[in-house]
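Contents: one structure, followed by commentary.
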Amino acid sequence: MSVIGKHIVEEYYNRLPDYAYFTGCSGGGRQGLVLAQRYPNAFDGILAAAPAINLETFIPAAYWPTQVMRELKVYPAPCEIEAFTKAAIQQCDALDGDEDGIISTPESCHFEASRLIGKEFFCDGEQRRFTKEAAMVVEAAWNGVHGQGVGWYGLNKDADLTQSAITTSCNTGNEDCRYDNHNRDLFDPWFRSFAAKDSEFDVGNMNTSTFFSLLSTSIIEFRNAVGADDPDLRAFQVAGGKMISWHGMADTIIPPAGTTAYYQRVLQATNNTIDFYRHFQTPGVGHCVSGAAGLPERALGQLMAWVERGKEPEVLLASKNGSNVSLCLWPKRRVYVGPDPKVVGSFICA
């Protein structure tokens, strides 16, 4: 793509372009990392947002909450799942000093769904009580999957679990929550075509032992083909490339901890990483969409300034509802110091 694009520019303008950039989110973010890893001379700057780095792992692992529901034969209503999320936000929102409906420091949020078992909550116009089974399903989404020698990260506690992680027949307006309504376009083809290699495989009747076996198979057989998690970016560094990645901390599909873990591995594998690659966590942002917070929509311009003028991005700039936000370079966190949360200077990166 890069070679063809540069050739077209040269044919039309009789000169090569001064710079070439790539930007993408989710699968596009994954492509950006693949370019840096395998084609280090293709682009001068790469912006990789919410990258789907470990397809072979996070796709089957994301099925875990559904597997837990099926084993328990309990399918919580969306309003109960939302009540768990609301309680977690209430508990952990102020950890950064600013109560804004966002969990900015998820690693410091030790709230457990089991604390709510038996307590009352308001749901669909009536008072109900949190159940042990619903708490187990929510914890499966928050904690991720771990067992039989394999595992993967869960979603953060302010992510909307009813969007993808925990869906039932109630999500479609059916009052009878007796079965799940998982993303068949995502999970079924992966388990059938890649993990089980059986077009007739019944994902709905998979037991936990089979689930872990297929998760392990997926990781072992497809990591090298689709993983995009090679931390050795020295060739990209030598080529003079610059890369920015960011990941919404309220992502509902791809656990942001996976991207942070990849960046940590790059830091260990490559000297002077921040001279060419910087990662930012974006609190309150969903999967490639804004949420309680705004997207870093000026990130591409900041990448261009880094490539062309050597202006290193210490923060990414975002805005929502007229308020400007500075997103901190990992591992720093945005901390409220006052006096007014609507003023950029009221926050520092620490």
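The values are calculated or read from the model by the stated rules, or taken from the named source; none is laboratory data. Here the structure is a predicted model, which means the values were calculated and not measured. Neighbour counts are summed over all protein chains in view; Cβ atoms, including those assigned to glycine, are modelled from backbone coordinates with ideal geometry.
What the table shows:
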| item | result |
| --- | --- |
| All helices (runs of 4 or more DSSP H) inside the stretch 233-350 with 2 or more residues being under 23 Å from the mean Cα position of the chain (by Cα) and at pLDDT 95 or above | 256-269, 299-309 |
| Odd one out for ILE89, checked against (1) touching a strand residue (DSSP E or B) at 6+ places or on another chain (Cβ under 6 Å); (2) modelled with pLDDT of 95 or more | (1) |
| Top-ranked residue of the stretch 66-80 - restricted to ones that are out of contact with any Phe, Trp or Tyr (no Cβ under 9 Å at 6 or more places or on another chain) and of a type outside the set (D, E, K, R), ranked as nearest to GLY154 (Cα to Cα) | VAL68 |
| Residue pairs meeting the criteria (Cβ under 8 Å; at least 6 apart or on separate chains; first under 20 Å from GLU308 (Cα atoms), in the stretch 1-30; second among the aromatic types (Phe, Trp, Tyr) and in a loop (DSSP other than H, G, I, E, B)) | SER2/TYR39; SER2/PHE43; ALA20/PHE43; TYR21/PHE43; PHE22/PHE43 |
| Conditions (1) touching a residue at least 12 places away in the same chain (Cβ under 8 Å); (2) within 20 Å of GLY24 (Cβ to Cβ); number of the one not met by ALA305 | (1) |
| Some residue of the stretch 64-85 being hydroxyl-bearing (Ser, Thr, Tyr), surrounded by 15 or more Cβ atoms within 10 Å (Cβ to Cβ), under 23 Å from the mean Cα position of the chain (by Cα) and under 17 Å from GLU139 (Cβ atoms) | yes |
| Tally of residues being within 20 Å of the chain's Cα centre (by Cα) and surrounded by 14 or more Cβ atoms within 10 Å (Cβ to Cβ) across the stretch 87-110 | 11 |
| Some residue of the stretch 135-147 being at pLDDT below 95 and more than 24 Å from THR210 (Cα to Cα) | no |
| Within the stretch 56-86, tally of residues that are among the charged types (D, E, K, R) and in contact with a strand residue (DSSP E or B) (Cβ under 8 Å, 6 or more places away or on another chain) | 2 |
| Residues of the stretch 1-30 that turn out to be surrounded by fewer than 18 Cβ atoms within 10 Å (Cβ to Cβ), assigned to a helix (DSSP H, G or I) and either of a type in the set (Phe, Trp, Tyr) or modelled with pLDDT of 85 or more (or both), as a count | 4 |
| Considering residues of the stretch 219-232 that are surrounded by fewer than 20 Cβ atoms within 10 Å (Cβ to Cβ) and part of a loop (DSSP other than H, G, I, E, B) only, the residue nearest to the chain's Cα centre (by Cα) | GLY227 |
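Each row is one residue, and each column tells you yes or no for (1) of a type outside the set (Lys, Arg); (2) touching a helix residue (DSSP H, G or I) at 6+ places or on another chain (Cβ under 6 Å); (3) in the same structural domain as ALA48 (by TED's automatic domain parsing).
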| position | (1), (2), (3) |
| --- | --- |
| VAL238 | yes, no, yes |
| LYS242 | no, yes, yes |
| TRP246 | yes, no, yes |
| ALA250 | yes, no, yes |
| THR260 | yes, no, yes |
| TYR263 | yes, no, yes |
| HIS279 | yes, yes, yes |
| THR282 | yes, no, yes |
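Table: residues versus (1) more than 28 Å from THR57 (Cα to Cα); (2) in a helix (DSSP H, G or I).
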| position | (1), (2) |
| --- | --- |
| MET69 | no, yes |
| ALA83 | yes, yes |
| PHE111 | no, no |
| GLY118 | yes, no |
| ALA134 | no, yes |
| VAL138 | no, yes |
| ASP160 | no, no |
| GLN163 | no, no |
